[in-house]
Amino acid sequence: MTDSFRTQLTRGEEVIDPATWSGSVPVAHGIAPRLRIGRSRWFNLLWLLPIGFVVLLVAVAAAKGLRGMPAVQQFITRYPGTIRPTGRAPVTGTPLWVGVQHFLNLFLLLFIMRSGLQILSDHPRLYWTRHSTPGRDWFRIQQPVPADPLWTAKQDSISLPGQVGLPGLRHSIGLARWWHLGVNTLWLANGLLFYILLFATGQWQRLVPTSWAAFPHALSVLIQYLSLDWPTENGWTAYNSLQQFAYGSTVFVAAPLAVVTGLGMSPALSTRFKRISTVLSIQTARSLHFLVLIWFLVFIVMHIALVATTGALRNLNHIYTGRDGTGWAGFLIFAISMVIVIVGWVAATPLTLRHPRPVQQVCAALIGPVQRLFEHVDATPGQYTEKDISPYFWHNGRYPDSVEYATLRAGDFAGYRLRINGLVKYPVELDLAQLRALERHEQITQHFCIQGWSGIAKWGGVSMQTLMDLVDPLPEAKWVVFYSLGDGSDGGVYYDVHPIEQLRYHLTMLAYDMNDEPLPFGHGAPLRLRNEVQLGFKQVKWVKGVEFVAHYAEIGSGHGGYNQDHEFFGYRQSI
């Protein structure tokens, strides 16, 4: 019982070869975005392009007709669009710090959006309920789920072009998340500083409508824009009311909503703050997060178009030089900044493929303190009942295909033994009958997959606290390794490591039953781990061994798990 399964592990590569990535996962193209209408009809969103063009033509024609009506002309004269600042010292102009933060915001959003699309491609479906039931998604960029009962979420992932997604490989969600979470910390820091300066200097007054008159002014501006007879304006003095609504909602609504919905997908926070997660489920949060992305994309396109067509040189001087004029200085700085943006865009993917571990380490240093904070959030039971159990629970992972597992399964796991050893006083081997004879533990909890799907199930088994009481870990045991009967995508036994602190949590257990039935093959028979403050890839299935260790540095490649060694996931994934 002192033998370790460590010799069955394999080490991951430190440079990515796209041809062999993730077990040589093949390229799989998605489909044009689809929106579900009713119960089963799907609308191809590409039709919005010609429909939008026709609607725009009709709107322009209607606006031109309205402009010829005396009442509308009087309305535009009364409400020209811009409410001029009043007071002894009205806030006008654009300080230089606005230009600097404007560029940083654009540069950081570049990586956030690309990595966000990569994350979406790993489960290319969105839902409004906490269940991820096929056919109940409201948006998808993938074909309907096949009838194969063992179809996995990894098989359902799609490929993105290398310069669209980041890093651009199919099922590269580990690195995509590092980019997304790491750069987001810089974006949040930049945004917090932006908020402070906005209110400290009074610049917020330029972005937020402060009078009910802003509504008719905004309507007037909209009519003027659509009629192609645009208002005479100078953003140096004041933004028009339509701009204020656009800027204000983006800065003070969309940006905070992006943060809140991002945290809403955290397993640790969702299982701890039940009242919030009951309303803002992971799938609702994920859908809203996506809609915020769409808002940002539409805003960026419209913003660039209007900057370019309403006096480009003057507008660029406002943004980049902090001066009101039509010289070329602003354009020159803009051109240099665009070169930096393009270089960053082009370099991000090859940099990630050649140096994935440093990319992971840098991003982990940025987001790590927050993850460490969240992983100490214990979860308690009671949020879900049997009526909440999901009608469909996705499969995932590489199924065991060894002779050893096939033999055990053919014998209804009569020969199965769970080995618990390492830094413990009393190492043991337990068969299923002995495990079932221990104090039974049940919980109904929500599963959070790193790919984005979720599901609720009832788990029955034995709590890890009961097993630890049985083997009595030594004081130097700080981490616990769970070994699988299955292999990882690149070969070698799948494993994952958890801090011993989390094994004492009430909702950490080894499950042998699922929804009052013996654990099925696809979900980890005969035994699987449940640690509800972590993401799904850490819930090792087909468990054959548990080893208590001082540290995981000498296990596998030393990064805390199979996916951490081979696909650059993180050993702590509480968000």
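The values are calculated or read from the model by the stated rules, or taken from the named source; none is laboratory data. On a predicted model such as this, the values are computed, not experimentally measured, just so you know. Glycine also receives a Cβ, built like all others from the backbone with ideal geometry; neighbour counts cover every protein chain displayed. Remember, those area values only see protein heavy atoms, side chains included, never the ligands or the DNA or RNA. Shrake-Rupley method; radii C 1.70, N 1.55, O 1.52, S 1.80 Å.
Within region 521-538, whose backbone N sits under 20 Å from a point 7 Å along Cα→Cβ of Val428?
Residues passing the 20 Å test: 526-531.
Between Asp388 and Val301, what length comes free when the chain is fully extended (0.36 nm per residue of separation minus the Cα-Cα distance, one decimal in nm)?
Separation in residues times 0.36 nm, less the Cα-Cα distance, equals 27.2 nm.
Using 0.36 nm per residue of separation minus the Cα-Cα distance, give me the extension gain between Thr466 and Gln74 in nm, one decimal.
133.2 nm
Report the residues of region 229-245 in range of a label on Val208: point 7 Å along Cα→C-beta, backbone N strictly under 13 Å from it.
Those under the cut-off are 245.
Suppose each label sits 7 Å from its Cα in the direction of the beta carbon; what would the Ile51-Leu188 distance come out to in nanometres?
In this crude spin-label approximation the distance works out to 3.7 nm.
Based solely on C-alpha atoms, express the radius of gyration and the Dmax of region 41-192 in angstrom.
Cα radius of gyration and Dmax of region 41-192 are 23.5, 72 Å respectively.
Send over the per residue convex hull volume for region 207-320, Cα only, as a whole number of Å³.
Cα-based convex hull of region 207-320, divided per residue, equals 133 Å³.
At 0.36 nm per residue, and after removing the present C-alpha to C-alpha distance, how many nm does the segment from Trp345 to Leu474 gain when stretched out fully?
Stretched fully, the Trp345-Leu474 segment lengthens by 41.5 nm.
Around Leu169, what is the net charge, scoring Lys/Arg as +1 and Asp/Glu as -1 over all other residues with Cβ under 12 Å from its Cβ?
Around Leu169, the charge tally is -2.
Need one number: % antiparallel among DSSP beta bridges in the chain, to the nearest 5.
90
Take the alpha-carbon centre of region 189-255, take the same for region 534-566, and report the distance between them in whole Å.
One Cα centre to the other: 51 Å.
Kindly express, to the nearest 10 degrees and within the range 0 to 90, the angle between helix 96-122's C-alpha long axis and the longest C-alpha principal axis of the chain.
40
Per residue, how much accessible area does the chain show when a 1.4 Å probe rolls over the protein heavy atoms, in square angstrom?
Accessible surface, normalised per residue, equals 45 Å².
Using a basic spin-label model with each label point 7 Å from the Cα along Cα→Cβ, how many nm lie between Ala335 and Arg417?
Result: 7.6 nm between the two label points.
Tell me, what ³J(HN,Hα) does each residue in region 460-477 have, in order and in whole Hz, if you take phi through Karplus 6.51 cos²θ - 1.76 cosθ + 1.60 with θ = phi - 60° and put x for Gly and Pro?
Values, residue by residue: x, x, 10, 6, 5, 5, 4, 5, 5, 4, 6, 9, 6, x, 6, x, 7, 6 Hz.
Between Asn234 and Ala254, how high is the FRET efficiency from 1/(1 + (r/R0)^6) when r is the Cβ-Cβ distance and R₀ = 25 Å? Nearest 0.05.
That pair, Asn234 with Ala254, gives E of 0.45.
When the expected Rg is taken as 2.2 N^0.38 Å, what fraction or multiple of it is the alpha-carbon Rg of region 1-85?
Region 1-85 yields a ratio of 2.52.
Among 410-423, 22-35, what's the highest-first ranking by average C-beta atoms within 10 angstrom per residue?
Top to bottom by mean Cβ count within 10 Å: 410-423, 22-35.
Determine the share of the chain's accessible area contributed by carbon and sulfur atoms, expressed in whole percent, with a 1.4 angstrom probe.
66
What pairs in Lys458/Lys541; Lys154/Lys538; Lys274/Lys387; Lys154/Lys458; Lys425/Lys478 have C-alpha atoms more than 19 Å from each other?
Exceeds cut-off: Lys154/Lys458.
Please work out the FRET efficiency for the pair Thr129 and Ala312, using the Cβ-Cβ distance as r and a Förster radius of 51 Å; give the result to the nearest 0.05.
For R0 = 51 Å, the calculated efficiency reads 0.65.
If R0 is 60 Å, what FRET efficiency do you get for Ala437 and Ala61 from their C-beta distance, rounded to 0.05?
0.15
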